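Everything below concerns the one structure shown next.
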Amino acid sequence: MKKLKKMLVRYLEKIIYMKNRTLNKRQTIKSINLKYLEKNREVCKYFFDTFGYIKIENFFNKKEMDVISEEFNKTMEEKYNNFQKSEGNLLYPQILEYNEELTRLLDLDKTKLLVETLLGKDSLYLGSDGNCFKSPTPWHRDYLIKSKTCKMLIYLEEAAIDQTALSVIPGSQFTEDAYSSFLTNALTWPEPPALGGFDEKGFLGKGHSPLNSGGNNVIPQHIIPTSPGDIIVFNHNLIHCTNASTWNRSRRLMGLHFGRKDKVEELKEISLTEMNSFKLENKYGPYVMNSKSKNIQSMIKPLKDLKIKVEGDFSGKYATQSKSAVEFSNKHKNTIYKSKINEN
Ligand SMILES: O=C(O)CCC(=O)C(=O)O
């Protein structure tokens with residue numbers, strides 16, 4: 001009897017040990033690629049929900065990246081002559097929607113799987129932008145909103161840890177808690193990006209702007225290096241930047257934005273704000289608007305008819321926020337922004 005009891009205890013100990021081993025394995029995710037996403041959707045969702053971002057390695061293969069890079073260059077070039085040599089940063093709102101090949105990215109099964117995993121079944125496409133950046137980017141959030149949205153960020157060049165890699169502050173996407181509010185007070189957004197980062201209002205000490213070489217070193221941050229093909233998907237509320245080692249080296253990147261259909265009222269509001277800032281008459285560009293794909297049409301339906309009247313063209317330089325963007329963010333911000341703004 002004693003022997004049997006001992007055997008039973010040993011058996012139970014073994015089961016507990018095996019169970020813990022599986023748990024430990026799960027807790028130390030080293031890298032996530034498409035296969036991992038397909039098999040572990042729940043883990044990926046909770047990773048994104050907890051930290052506010054997720055990096056998927058090799059999401060696009062080499063062939064796909066070659067097409068993306070070529071089409072990106074072609075479309076950018078049509079708008080901004082010699083864009084890689086131009087001074088300063090350039091932004092092309094709706095870039096994907098002005099290119100037939102790039103528009104196909106929205107229709108890939110893996111894009112659908114990813115967005116559904118992170119945001120749920122009824123997702124909404126919010127538009128895109130193409131960028132050629134020369135400077136580092138100060139600490140900011142892309143949006144400051146209540147509903148859950150995400151941006152798929154595709155870097156077209158290598159973004160090494162000590163060069164152009166994106167830095168994030170994990171967990172800062174929960175904009176209404178004390179931690180995130182504290183960080184919000186230290187940001188420049190929605191002020192002109194040129195003003196810098198954490199030094200502006202003296203939180204976390206002065207002089208720690210990502211725009212100054214070495215100036216951002218003491219700020220706690222998680223740096224996410226990427227190679228072409230990798231993507232970073234982050235919650236628009238997440239605080240992020242890139243550091244000063246990047247001055248004058250051009251880096252091309254594209255952002256695809258998604259939200260949830262059941263939050264369309266808030267998304268309508270931020271869409272109008274952006275359309276106003278970028279002087280866009282329609283929410284989407286032609287290839288997306290006229291797409292024959294049922295999936296794409298379903299993803300744009302709630303915002304497809306959004307229209308505004310605009311005067312003039314967007315220059316591609318994004319230095320100041322429009323009045324409506326500032327008003328929108330002030331509605332959500334604890335510290336009201338009062339300094340000089342663009343009257344557009
Ligand atoms: O400067 C970068 O590479 C990061 C760009 C960025 O802040 C963004 O995509 O929101």
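Say we look at the stretch 230-270 and pick out the residues that are aliphatic (A, V, I, L, M) and in a helix (DSSP H, G or I); which of these is nearest to the ligand (Cβ to nearest atom)? By that ranking, first place goes to ALA244. When the stretch 118-176 is limited to residues that are polar (S, T, N, Q) and touching a Leu at 6+ places or on another chain (Cβ under 8 Å), the one that is farthest from ASN282 (Cα to Cα) turns out to be SER172.
Would you be able to tell me the number of residues in the stretch 136-165 that are within 28 Å of THR273 (Cα to Cα), modelled with pLDDT under 95 and not hydroxyl-bearing (Ser, Thr, Tyr)? Matching residues across the stretch 136-165 total 9.
Please work out if LEU183 is away from the ligand (no atom under 13 Å from the Cβ), over 22 Å from ILE231 (Cβ atoms) and not in a loop (DSSP other than H, G, I, E, B). Criteria met by LEU183. Somewhere in the stretch 269-287, is a residue at pLDDT 95 or above, in contact with a strand residue (DSSP E or B) (Cβ under 7 Å, 6 or more places away or on another chain) and among the acidic types (Asp, Glu)? Yes, there is a match, as at least one residue in the stretch 269-287 is at pLDDT 95 or above, in contact with a strand residue (DSSP E or B) (Cβ under 7 Å, 6 or more places away or on another chain) and among the acidic types (Asp, Glu).
Would you confirm whether or not the stretch 207-229 contains a residue that is at pLDDT below 90, under 30 Å from LYS261 (Cβ atoms) and not in a loop (DSSP other than H, G, I, E, B)? Looking through the stretch 207-229, none of the residues is at pLDDT below 90, under 30 Å from LYS261 (Cβ atoms) and not in a loop (DSSP other than H, G, I, E, B). Please determine whether any residue of the stretch 240-250 is buried (at least 21 other Cβ atoms within 10 Å of the Cβ), over 24 Å from GLY312 (Cα atoms) and touching an Asp or Glu at 6+ places or on another chain (Cβ under 9 Å). Among the residues of the stretch 240-250, at least one is buried (at least 21 other Cβ atoms within 10 Å of the Cβ), over 24 Å from GLY312 (Cα atoms) and touching an Asp or Glu at 6+ places or on another chain (Cβ under 9 Å), which makes the answer yes.
I'm told GLU176 meets every condition in (1) under 19 Å from LYS261 (Cα atoms); (2) away from the ligand (no atom under 16 Å from the Cβ); (3) not in a strand (DSSP E or B) except one. Can you identify the failing condition by its number? Unmet condition: (1). The residues on offer are LEU90, LEU108, and the sole one that is within 18 Å of GLU274 (Cβ to Cβ) and surrounded by fewer than 23 Cβ atoms within 10 Å (Cβ to Cβ) is LEU90. Selection over the stretch 157-185 of residues that are surrounded by fewer than 18 Cβ atoms within 10 Å (Cβ to Cβ), of a type in the set (A, V, I, L, M) and under 21 Å from PHE72 (Cβ atoms) gives a count of 1.
To keep it simple, each residue is scored yes or no on (1) free of Cβ contacts under 8 Å to residues at least 40 places away in the same chain; (2) of a type in the set (A, V, I, L, M); (3) under 25 Å from SER315 (Cβ atoms).
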position	(1), (2), (3)
ASP66	yes, no, no
GLU78	yes, no, yes
TYR92	no, no, yes
ARG104	yes, no, no
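In the stretch 61-87, what residues are surrounded by 21 or more Cβ atoms within 10 Å (Cβ to Cβ) and under 30 Å from GLU42 (Cβ atoms)? Listed by number, the list holds a single entry, ILE68. If you scan the stretch 102-143, which residues turn out to be within 13 Å of the ligand (Cβ to nearest atom), in a loop (DSSP other than H, G, I, E, B) and of a type outside the set (Ser, Thr, Tyr)? Passing the criteria: LYS134, PRO136, ARG141, ASP142. Each residue in the stretch 144-171 was checked for being outside any strand (DSSP E or B), within 13 Å of the ligand (Cβ to nearest atom) and either touching an Asp or Glu at 6+ places or on another chain (Cβ under 8 Å) or free of Cβ contacts under 8 Å to residues at least 12 places away in the same chain (or both), and 1 of them qualify.
The rows are residues; the columns are (1) touching a helix residue (DSSP H, G or I) at 6+ places or on another chain (Cβ under 9 Å); (2) farther than 24 Å from GLU157 by Cα.
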| residue | (1), (2) |
| --- | --- |
| THR242 | no, no |
| ARG252 | yes, no |
| GLU269 | yes, yes |
| ASN290 | no, yes |
| ASP313 | no, yes |
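The values are calculated or read from the model by the stated rules, or taken from the named source; none is laboratory data. What you see is a predicted model; the values in this text were computed from it and never measured. Positions of Cβ are backbone-derived with ideal geometry, glycine not excepted, and every protein chain shown enters the neighbour counts.
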